[in-house]
Amino acid sequence: MTELGPVAWPPAPIRTERLVLRESEARDRTAFIELFASPEVGAYIGGARPRDELERSVPEVPGRRPGLFVVDLEGAMIGMITLDRRDAERPGHVRPDAGEAELGYMFLPEAWGRGYAAEACAAALDWFADVLPDEPVLLRTQTANDRAMRLAAKLGFTEVERFEAYGAEQWSGVWSSVTSSD
Ligand SMILES: CC(C)(COP(=O)(O)OP(=O)(O)OC[C@H]1O[C@@H](n2cnc3c(N)ncnc32)[C@H](O)[C@@H]1OP(=O)(O)O)[C@@H](O)C(=O)NCCC(=O)NCCS
């Protein structure tokens, strides 16, 4: 994973109808631990991590890096969105230099099913299209991850390829502000 590139970070908090996308703060630490310790959240992304290990290893201000947005609902973190450049050796690339940005999303289970992830990801993609115009964004998920697949389709990602990795079928999709309808 490498840095996103020449973007000013952090941007001013991004407000949507119901949410704020912002840089992480010390008060988000408990929610970060919840996210990584949750078996539901980890089901398709490598599993939950032991809570006591997280309590020891998660920094005082977790997740403070370019491309990582905390998603805030009424002052509390409900999830996170990442835009990173990923390893070139992984499959599913659309650019010859394989240096695309990749979108990731993780929300606390109690926040699922209300459209928050869709609302926040759309805002993050808008921000990305603004700071790095004409750049595609990749997304990879297991095909068995129904919620992630539905969200990818809703956001306007289209299939690049399917491949086997980590013992499961994976889906790779691409989004572009040029071809996106919004
Ligand atoms: C993937 C993940 C972010 C999707 O979350 P989600 O809440 O299902 O996604 P959305 O924000 O798109 O919400 C969709 C649901 O909200 C419902 N909804 C309710 N109110 C809504 C509103 N006001 N606006 C839009 N949708 C609304 C939709 O009907 C939809 O329901 P459905 O799933 O039954 O069809 C979440 O499941 C997650 O964090 N998973 C664990 C981590 C993970 O696997 N990440 C993917 C790695 S690639």
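The values are calculated or read from the model by the stated rules, or taken from the named source; none is laboratory data. Predicted model, so just to flag it, every value in this text is computed and none were measured. Note: ideal-geometry Cβ built from the backbone for every residue, glycine included; neighbour counts use all protein chains shown.
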Q) Regarding G42, is this residue modelled with pLDDT of 95 or more, on the phi > 0 side of the Ramachandran plot and either within 16 Å of the ligand (Cβ to nearest atom) or not β-branched (V, I, T) (or both)? A) no
Q. Only one of these conditions is not met by S177: (1) closer than 25 Å to R18 by Cβ; (2) touching a Lys or Arg at 6+ places or on another chain (Cβ under 6 Å); (3) hydroxyl-bearing (S, T, Y). Which number is it?
A. (2)
**Q.** The listed residue being surrounded by fewer than 18 Cβ atoms within 10 Å (Cβ to Cβ), more than 22 Å from E34 (Cβ to Cβ) and either of a type in the set (D, E, K, R) or touching a helix residue (DSSP H, G or I) at 6+ places or on another chain (Cβ under 9 Å) (or both), out of R86, R90, R64
**A.** R90
Q. Do the conditions hold for D72, that is, is it within 14 Å of the ligand (Cβ to nearest atom) and surrounded by 15 or more Cβ atoms within 10 Å (Cβ to Cβ)?
A. no
Q: Considering (1) in a helix (DSSP H, G or I); (2) touching a Gly at 6+ places or on another chain (Cβ under 9 Å); (3) of a type in the set (D, E), say which one D130 fails and leave the rest.
A: (2)
Q: Given the conditions (1) within 15 Å of the chain's Cα centre (by Cα); (2) surrounded by fewer than 14 Cβ atoms within 10 Å (Cβ to Cβ); (3) under 18 Å from V7 (Cα atoms), report the number of the one that D134 does not fulfil.
A: (1)
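Hey, can you tell me all the residues within segment 16-26 that are surrounded by 12 or more Cβ atoms within 10 Å (Cβ to Cβ), within 16 Å of the ligand (Cβ to nearest atom) and either charged (D, E, K, R) or within 16 Å of the chain's Cα centre (by Cα) (or both)? It would help to see each step written out before you state the result.
First, the residues of segment 16-26 that are surrounded by 12 or more Cβ atoms within 10 Å (Cβ to Cβ): 16, 18-25.
Narrowing further to those that are within 16 Å of the ligand (Cβ to nearest atom): 16, 18-21.
Matches in segment 16-26: R18, L19, V20, L21.
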Q. Does any residue of segment 115-123 turn out to be more than 10 Å from the ligand (Cβ to nearest atom), surrounded by 15 or more Cβ atoms within 10 Å (Cβ to Cβ), of a type outside the set (F, W, Y) and over 17 Å from F32 (Cβ atoms)?
A. yes
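Please enumerate the residues belonging to segment 107-119 that are small (G, A, S), closer than 15 Å to R150 by Cα and touching a strand residue (DSSP E or B) at 6+ places or on another chain (Cβ under 7 Å). It would help to see each step written out before you state the result.
So in segment 107-119, the residues small (G, A, S) come out as 111, 113, 115, 117-118.
Okay, now just the ones that are also closer than 15 Å to R150 by Cα, so 113, 115, 117-118.
A117 - this is the single residue of segment 107-119 that is small (G, A, S), closer than 15 Å to R150 by Cα and touching a strand residue (DSSP E or B) at 6+ places or on another chain (Cβ under 7 Å).
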Q: Please go through segment 26-59 and pick out each residue that is more than 21 Å from E119 (Cβ to Cβ) and of a type in the set (D, E).
A: D52, E53, E55
(Q) Suppose we keep only residues that are over 20 Å from E40 (Cα atoms) and in a loop (DSSP other than H, G, I, E, B) within segment 161-182. Which one would you say is farthest from the ligand (Cβ to nearest atom)? (A) V178
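From the list F69, F128, which one is in contact (Cβ under 8 Å) with a residue 12 or more places away in the chain and in contact with a helix residue (DSSP H, G or I) (Cβ under 8 Å, 6 or more places away or on another chain)? Can you show your working first?
On the way: F128 fails: in contact with a helix residue (DSSP H, G or I) (Cβ under 8 Å, 6 or more places away or on another chain).
Matching residue, one of F69, F128: F69.
Kindly indicate whether any position in segment 141-160 is part of a strand (DSSP E or B), of a type in the set (A, V, I, L, M), more than 9 Å from the ligand (Cβ to nearest atom) and touching a residue at least 60 places away in the same chain (Cβ under 8 Å).
Going residue by residue through segment 141-160, those that are part of a strand (DSSP E or B) are 141-142, 158-160.
Next, only the ones that are of a type in the set (A, V, I, L, M) stay: 160.
Pick out the ones that are also more than 9 Å from the ligand (Cβ to nearest atom) and you get 160.
Narrowing the set further to residues that are touching a residue at least 60 places away in the same chain (Cβ under 8 Å) leaves 160.
Yes, because at least one residue in segment 141-160 is part of a strand (DSSP E or B), of a type in the set (A, V, I, L, M), more than 9 Å from the ligand (Cβ to nearest atom) and touching a residue at least 60 places away in the same chain (Cβ under 8 Å).
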Q: Name every residue in segment 148-166 that is surrounded by 14 or more Cβ atoms within 10 Å (Cβ to Cβ) and under 19 Å from F69 (Cβ atoms), in order of residue number.
A: A148, L151, A152, L155, G156, F157
